[in-house]
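Peer 1: Take a look at this one; I'll ask things after.
The values are calculated or read from the model by the stated rules, or taken from the named source; none is laboratory data. Note that the structure is predicted; figures quoted are calculated from it, not measured. Counting neighbours? That spans all protein chains shown, and the Cβs are built from the backbone with ideal geometry, glycine included. Note: accessible area is taken over every heavy atom of the protein model, side chains too, but ligands, DNA and RNA are not part of it. Shrake-Rupley method; radii C 1.70, N 1.55, O 1.52, S 1.80 Å.
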Amino acid sequence: MTDVSRRELLKLTGTAAGGGAITYAATNGRARFDREEEDETTTPRGGARSLPSDSALARENTYFVPPADGIGGIQAVIDDHAPDVTVVLGSGTYVGSELTVRHDVRLIGAGVNATTLKLADGANTDLVVTPNPDRRASLRVRMEHLTCDGNKAHNSTGDIVYGVFWNGRFVDCEFVDAPTNGFWLAGSPNASTDNNVFRNCLFARSKGNGLRLGGSRTTGAAVGVARIDTCWFGRNGGDAMQIRGNGNFVTSGKFYENAGTDVYIDRGHRNLVLDSDLSKPIPTAPCISVRSAKGVDSSGNRIAGNVIYGSFPDAVFCRADGNDVRSLQIQNNMIDGSGEGTRTGIRAVGGEYIGCVAQGNAVVGSFSEAAIQLPSSWTTTGNSA
């Protein structure tokens, strides 16, 4: 194997996209990686860095895998050369299952709907996973410019992505047609799951949730500090986004025609839902929901600057279920309710609400009950309803 320039890799990518059966790998001479001997610590190493997409092909330890090699071809490069490996993907569809991404793996596609990772017919498992999610996180994984297709028409179960990530970056990706969840960023009791970013991604048509943050198949561990910016969620069968954790920011999102709650904060602190657009054609579930329960208070969450419209039982719904909701701020939202079954704009039920504020919200439309229904412990000023 020899080093390959950025121009040569681009040429190879273009040739493969045109139908050439080329498999090419460029290496900087590092030795073959043995998974069993590598210490996959969950403690972040020094020198972590984000990878700009325009520099992907200029990196050392970069490999091109053509679509004909499928998920198995991508896995072979990761197994042989991770950590710190960039896999460049061409235009076409890579079929397979359980692509296992480990520390510092970067998957760079040719663009959404150009490069597709697709779950094989009848696989009934996950498309992309991390190893041993109950014990460790995969550090600094990056996925860019590709579509991940769960192929729900030919699978009865499976998440598109299931795993524990730390400092992951998921940029310009689509997660569509999942048999279960589009992306489950799982929590782990033994590994950090902080500082993950989703930017300009689409989560659509999953049978379950579009994006699930926290919990796992074996534990209820929370996640922290995921930033979900300028993402689009549409026609998911469950919740568009479900959050179990702390310090997660949802900003400038688009939420349309999701059957479940658009943003469900299921226990957690300091989570923000800001400047997003949320709409439902029929009242299947609230648009935004905040809950405390199971021994966990919910505190310091903020819902502000959103535009919420359409038909919904409640635009913003809060439930204190045996635990307190503290310092919740619902501010400066525009809520326009319409259609049969639309009950309230803002509603809170259950137990104790301490230091909670609903302020500056404009609530208009047609509601079967009072537009704003909150306990007397709330501070409510400057709302128009």
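Peer 1: Report the FRET efficiency, 1/(1 + (r/R0)^6), for Asp121 and Ser366, where r is their Cβ-Cβ distance and R0 is 35 Å, rounded to 0.05. Don't skip to the answer; put the middle values down first.
Peer 2: Values: r = 47 Å, r/R0 = 1.33.
FRET efficiency, Asp121 to Ser366: 0.15.
Peer 1: What distance in nm lies between label points placed 7 Å from Cα along the C-beta direction at Ile282 and Asp321?
Peer 2: 2.4
Peer 1: Hey, any idea what % of region 270-369's accessible area is carbon plus sulfur with a 1.4 Å probe? Each step should come with its number before you reach the end.
Peer 2: Numbers: 1680 of 3650 Å².
The C+S portion of the solvent-accessible surface of region 270-369 is 46 percent.
Peer 1: Within region 227-252, list the residues whose amide N lies under 18 Å from a label point set 7 Å along Cα→Cβ of Asp275.
Peer 2: Under 18 Å, as judged by backbone N against the label point of Asp275, lie 227-233, 248-252 of region 227-252.
Peer 1: Using 0.36 nm per residue, how much length does the chain from Val349 to Ala259 gain when fully extended, once their Cα-Cα distance is taken away? Don't jump to the answer; show the numbers that get you there.
Peer 2: On the way: separation 90, 0.36 × 90 = 32.40 nm, distance 2.19 nm.
Difference between extended and current length: 30.2 nm.
Peer 1: Expressed as a whole percentage, what fraction of the accessible surface of region 156-207 belongs to carbon and sulfur atoms when a 1.4 Å probe is rolled over the protein heavy atoms? Could you put the intermediate results ahead of the total?
Peer 2: Details: 560 of 1320 Å².
Carbon with sulfur: 42 percent of the solvent-accessible area.
Peer 1: Then there's this: Evaluate E = 1/(1 + (r/R0)^6) for Asp134 and Ala385, where r is the Cβ-Cβ distance and R0 equals 56 Å; express this FRET efficiency to the nearest 0.05. If you can, show how the numbers build up before the last one.
Peer 2: Working: r = 47 Å, r/R0 = 0.84.
That gives a FRET efficiency of 0.75.
Peer 1: Could you check the simple spin-label distance between Ala68 and Ser338, using points 7 Å along Cα→Cβ, in nm with one decimal?
Peer 2: Taking the simple label geometry, Ala68 and Ser338 are separated by 5.4 nm.
Peer 1: Beta carbons within 10 angstrom, averaged per residue: use that to sort the peptides 249-255, 348-354, 222-228, highest first.
Peer 2: On the way: 249-255: 20.7, 348-354: 17.1, 222-228: 22.3.
Output ranking for 249-255, 348-354, 222-228: 222-228, 249-255, 348-354.
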